[in-house]
1. Taking the stated definitions as given, is Leu196 over 37 Å from the mean Cα position of the chain (by Cα) and surrounded by fewer than 17 Cβ atoms within 10 Å (Cβ to Cβ)?
2. Which condition number in (1) open to solvent by 20 Å² or more (accessible area, probe 1.4 Å); (2) in contact (Cβ under 8 Å) with a residue 60 or more places away in the chain; (3) out of contact with any Leu (no Cβ under 7 Å at 6 or more places or on another chain); (4) in a helix (DSSP H, G or I) is the one that Val145 fails?
3. Which numbered condition in (1) surrounded by fewer than 22 Cβ atoms within 10 Å (Cβ to Cβ); (2) in contact with a helix residue (DSSP H, G or I) (Cβ under 6 Å, 6 or more places away or on another chain); (3) aliphatic (A, V, I, L, M) is the only one that Leu135 fails?
4. Which one is farthest from Tyr388 (Cα to Cα) among residues in the stretch 402-437 that are among the basic types (Lys, Arg) and assigned to a helix (DSSP H, G or I)?
5. Hey, can you tell me all the residues within the stretch 368-401 that are closer than 23 Å to Leu321 by Cα, at pLDDT 90 or above and assigned to a loop (DSSP other than H, G, I, E, B)?
6. Does Gly95 meet the test of being among the small types (Gly, Ala, Ser), at pLDDT 90 or above, open to solvent by less than 100 Å² (accessible area, probe 1.4 Å) and at positive phi?
7. Got a number for residues in the stretch 426-449 being hydrophobic (A, V, I, L, M, F, W, C) and open to solvent by less than 30 Å² (accessible area, probe 1.4 Å)?
8. Within the set of pairs 6 or more residues apart or between chains, which connect a residue that is touching a residue at least 24 places away in the same chain (Cβ under 8 Å) inside the stretch 43-59 to a residue that is open to solvent by less than 40 Å² (accessible area, probe 1.4 Å) and of a type in the set (Ser, Thr, Tyr) with Cβ atoms less than 8 Å apart?
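The values are calculated or read from the model by the stated rules, or taken from the named source; none is laboratory data. Just so it is clear, the model here is predicted, and its values are computed rather than measured. Every residue, glycine as well, gets a Cβ built from its backbone with ideal geometry; the counts of neighbours run over all protein chains shown. The protein model used for the area step is the full one, side chains on, heavy atoms only, and it has no ligands, DNA or RNA in it. Shrake-Rupley method; radii C 1.70, N 1.55, O 1.52, S 1.80 Å.
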Amino acid sequence: RLITSKYKKTICIKTGLFVFLKMQHITGISRNQMTFACLEDHISADNPIRFIDAFVENIALKTLGFDVKTLKAEGRPSFDTKIFLKLYLYGYLNGLRSSRKLEKECLRNTEMQWLLCGLVPNYHSISDFRKNNPLGLKKLFKLFVSFLKDADLIAGETIAIDGTKSRAHNSKKANFNQKKIDKHLAYIEEKTDHYLKELAQNDQDDSGISISKIQEKIERLKTNKIRYELLEEKLQASGEPQISTTDEDARALLVQGQVVEISYNIQAAVDSKHNLVVATHTINRNDRNALTAIALETKENLNAETFTVLVDKGYHNGRELSQCKEHNITTIVAHPDQGISNENGTTQAYLVVHFLYDKASDTYTCPMNQTLKTTGTWHKKTRDRDSYDFKKYRTPACRECPAKSLCTSRKGGREIDRSQYADAVEENNKRYQENQQLYRKRQEINEHIFGTIKRQWGYNHTNLTGLEKVNGEHSLIMLAYNIKRTMNILGVPDLMARFKNWKSPYKTKVCLLFKTIILKLFPSRFEIQFYFAA
């Protein structure tokens, strides 16, 4: 009442504006309003989960090696194995790997409720499925590759191969080699001697040092010494250069530069047509000895007679190149840069690449036009647990050669070693020099795959332990990548149509069976259960 008419007018205007603005907001449905709807209404026709459902329902999981649960006469019924596979495919396609998180999604995610028909498995059961079915997951990946090949989404002509490190479930502190064990044992001996000297000093001058505490420390050191000695015995018995205690299959691998992580090495072969993964497996060593295994797996998955592989210089190995050649696989592997032998020895102009080899006479010709010959004797060389045979080539003309100081620092003259795999290496190096433009496509084909998986999806580590289980998880990751990329290429409806029309011995032949379960508590009543069986 005390407000003047001027202020009253202003308040009325503002109040009216407030009411006007309030009416512009979108209003929702009342929480207490009853609605009639089904889960099917919430899932569009092009939703990816429709393909997940169709994919899993049309596969005979038992034939692929999955641990399929069967109906029991007594006890609580188990979940269908297909439920867990659908759950994990949805999870890995949406960045969810934790079994506890997947259990929560079953309760609050509408898409998950549609996919699983409202079922909510316990996180223990979810986790056990992934651990117990590594072989089935690997075969499932190969099955999808076979479908992609038949759908003409894979050319199978040019394949890029590479590897990436995935951190293991094992810390650096829980990884040991002989040098590290020796260091710990030496430290224990040093500290034990120190404490014994303190005890002896305490007996002489009665310095008041707590004898019981020192004795406890000595006993603790003895226990640790026994533990490291047992670890040393285990390491020597394994024949491996290192051992891990949390995950016995994990190894310390060079990740980048001088950075070392306890990890696994994921190998992947990628087709050049649509950049789809055609072969994958996980190893616990570096790339140097890995080319043949992934190349042969690619050949098996594609059922191809021959193809060309593009690989970086980390895979350059004479034995691996020779084995690929024997299996009719064309390799274009970058060769490592040639360095000098020593500071006062071979110069750039006299590297071995400038020595011409004549296969007919089995001789080398040096830049000074001198001929290096061999006696034909084969010698054996071992490097990094990799042994091979080689022959030596020499010439007596080196002693009087005016360019000797530029060629070698050996008093007896220049000596060239030629391995048993030299022919395959030279053929590969020649192809690499002649196909530089093709080789440059290697990074375009396969590098972005690891970037997507590790950076965008966050799958830079494994949740499992043991090489076999880790292989299963990484096969599941690559399967999820292929499914997502194929959806982007074809679209969900077209992909579903092609898969349903695809003929494969691993697809389910559906038949309707009847099973009558007589209830023990109510003999007069019975329940007929319908279920599909492969």
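1. Answer is yes for this residue.
2. Failing condition for Val145: (1).
3. Going through the list (1) surrounded by fewer than 22 Cβ atoms within 10 Å (Cβ to Cβ); (2) in contact with a helix residue (DSSP H, G or I) (Cβ under 6 Å, 6 or more places away or on another chain); (3) aliphatic (A, V, I, L, M), Leu135 breaks only (2).
4. Here the answer is Lys404.
5. Trp378, the sole residue that qualifies.
6. yes
7. 2
8. If the second residue must be open to solvent by less than 40 Å² (accessible area, probe 1.4 Å) and of a type in the set (Ser, Thr, Tyr), the pairs left are Ile49/Tyr90; Ile52/Tyr90; Glu57/Thr508; Asn58/Thr508; Ile59/Thr508.
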